[in-house]
Every structure is written in structure tokens, then in C-alpha cells.
Amino acid sequence: MALASFIEHSCLSPTTTVADIERVCNEAMQYQFAGVCIPPMFVKKAKALLAGSSVKVATVTGFPFGYSAIEAKLAETVLAIVDGADEINMMINLVALKNSDWQYLAKEINMVLTVIRKPEKKIKVIIEAALLTNEEIIACCDIYGAAAVDFIQASSGYTEKQITLETFKLIRLHLSNAIQLKSGDELDAASINEWIELGADRIVCKDPVHALKAENV
């Protein structure tokens, strides 16, 4: 298993600096990570730094709470694609979900997908599974599976409550094999392999460089 190919090097702090972006991109190229996930205003910078490499540039929309209007998410998505983003990590509207407004969520994803698919970009839909009931998680798997999104991302990494392995297993069980799964929470190096064995296609870890070195010891 090439661990680096599972890692999305994330740098989403509200105090992110240009130096942080340069470090993350340099590490991603050096260790051949799958991608970097950075704030929208740094997409152009990251794309330039990663030019000529296979590392994907991802950014976030509707982040971190998801309750911005569909039109706002569409505008964020368009701007991110114009700036060069390869992948969009979109937080769903959790307020709509908690009010069982599945029609709204279906409209949201279908409208965003019309923007994503034309330039053949990819989308990760963040469902914040730790805040959901099992029934809500299964419903999300159904609605986003039917929409044929590229990834379900289990969490944003920004809530106090982290997802459990059992919750992650539940998502994978009810999700089409054609749809990839990302952990979202920052994992400790010691637990990474367990999450991958449960079906994670992308992971975020606290110190990816350390994780790789530990794997190769």
C-alpha cells in the first residue's frame, strides 16, 4: 500500500499564511500526496506551486457550517474552478438536513454538479456524520449516491465530536462502491491503516510527513 496516495494534506486554519501554503505544497510534491486542501484565496498560489506535479488542488465551499445559500455555493464553486481547483469539498446544508428537507438537499447537489461536471472537476460532499443519526447517514448515502458524487467526506474536522470507526463503517456499508470515501477528521499515524482497511480512499492526518516516515521505519 502506498500510504502517500491516500493522504490529502490539509491546511484550513483561519490564520493560514502564504508560508503555510508553500510548506504544504512542497511536502505534497516531495512525498507525492494525493492532494492538498487549502482556503479558496490560495487556490491560484497552490496551483502555481504544484504545476507539473500529479498533486490535486482541493478547496472548500460552504465551509464549515454549510448553511449558505445554494447561489452562494455555486458562486464559490465557479470562482474556485476559475482559479484552478481540481476538487471541491462542499459542506451540505445541515440545517436543511436536520429539518428533513431532502428536496432542498437534492436541489443543492444537482445545481452544484452542473457546475462541477462541465470542466470535469470532482466533488467531495461533507456530511458531518458525527452530528447525524444512523438514519440520517443512510439517507445521505442514498441521496448523494443517486447523484453520483465523487466522494462522501465523513466530517469537516471542525466539530468537537469526531466520527467513530463504527460510523465510518456504516457509511461505507450503505455507499455505492463507485463513490469514494474520505475520513475528514485528522487521524493519528497509528490509526491510519485501520481506517484505510475499512474503506477510506482519502485521509487527513495530523502530521502526514511523520506518518509516512513511521510507515517506512
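The values are calculated or read from the model by the stated rules, or taken from the named source; none is laboratory data. This is a predicted model, so every value here is computed, not measured. Because the Cβ atoms are built from the backbone with ideal geometry, glycine has one as well, and the counts that use them run over all protein chains shown. We work out accessible area using only protein heavy atoms, side chains counted, and drop any ligands, DNA or RNA first. Shrake-Rupley method; radii C 1.70, N 1.55, O 1.52, S 1.80 Å.
Tabulated data
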read-out	value
Filtered residue count, region 160-179, keeping only those that are in a helix (DSSP H, G or I), among the hydrophobic types (A, V, I, L, M, F, W, C) and either in contact (Cβ under 8 Å) with a residue 60 or more places away in the chain or closer than 26 Å to Ile88 by Cβ (or both)	4
Criterion: within 15 Å of the chain's Cα centre (by Cα) and among the charged types (D, E, K, R) - qualifying residue of Glu186, Glu194	Glu186
Region 11-34, residues that are over 30 Å from Lys98 (Cα atoms) and touching a residue at least 60 places away in the same chain (Cβ under 8 Å)	Glu27, Tyr31, Phe33, Ala34
Conditions (1) open to solvent by 10 Å² or more (accessible area, probe 1.4 Å); (2) closer than 24 Å to Ala178 by Cα; (3) modelled with pLDDT of 95 or more; (4) not basic (Lys, Arg): number failed by Val78	(2)
In region 180-213, residue nearest to Ala58 (Cα to Cα) [restricted to those that are in a helix (DSSP H, G or I), open to solvent by less than 50 Å² (accessible area, probe 1.4 Å) and touching a residue at least 24 places away in the same chain (Cβ under 8 Å)]	Pro208
Residues that are in contact (Cβ under 8 Å) with a residue 40 or more places away in the chain and surrounded by fewer than 18 Cβ atoms within 10 Å (Cβ to Cβ), drawn from region 108-122	Met111
Subset of region 10-68 [in a helix (DSSP H, G or I) and among the aliphatic types (A, V, I, L, M)]	Val18, Ala19, Ile21, Val24, Ala28, Met29, Met41, Val43, Ala46, Ala48, Leu49
Qualifying residue in region 139-151 (condition: touching a Ser or Thr at 6+ places or on another chain (Cβ under 9 Å), farther than 21 Å from Ile88 by Cα and open to solvent by 10 Å² or more (accessible area, probe 1.4 Å))	yes
Enumeration of residues in region 10-67 that are over 21 Å from Lys213 (Cβ atoms), small (Gly, Ala, Ser) and more than 18 Å from the chain's Cα centre (by Cα)	Ala19, Ala48, Ala51, Gly52
Qualifying position, being modelled with pLDDT of 95 or more and either open to solvent by less than 10 Å² (accessible area, probe 1.4 Å) or within 22 Å of Gly157 (Cβ to Cβ) (or both), among Glu87, Glu71	Glu87
Test result for Val125, modelled with pLDDT of 95 or more, of a type outside the set (Gly, Ala, Ser), crowded, with 18+ Cβ neighbours inside 10 Å and assigned to a loop (DSSP other than H, G, I, E, B)	no
Single residue of region 35-47 satisfying the filter (free of Cβ contacts under 8 Å to residues at least 40 places away in the same chain and open to solvent by 10 Å² or more (accessible area, probe 1.4 Å)) that is farthest from Gln153 (Cα to Cα)	Lys45
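Residue by residue, here is whether (1) part of a loop (DSSP other than H, G, I, E, B); (2) of a type in the set (Gly, Ala, Ser); (3) within 17 Å of the chain's Cα centre (by Cα) holds:
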residue	(1), (2), (3)
Ala72	no, yes, no
Ile81	no, no, yes
Ala85	yes, yes, yes
Val95	no, no, no
Ser100	yes, yes, no
Gln103	no, no, no
Lys107	no, no, no
Val115	no, no, no
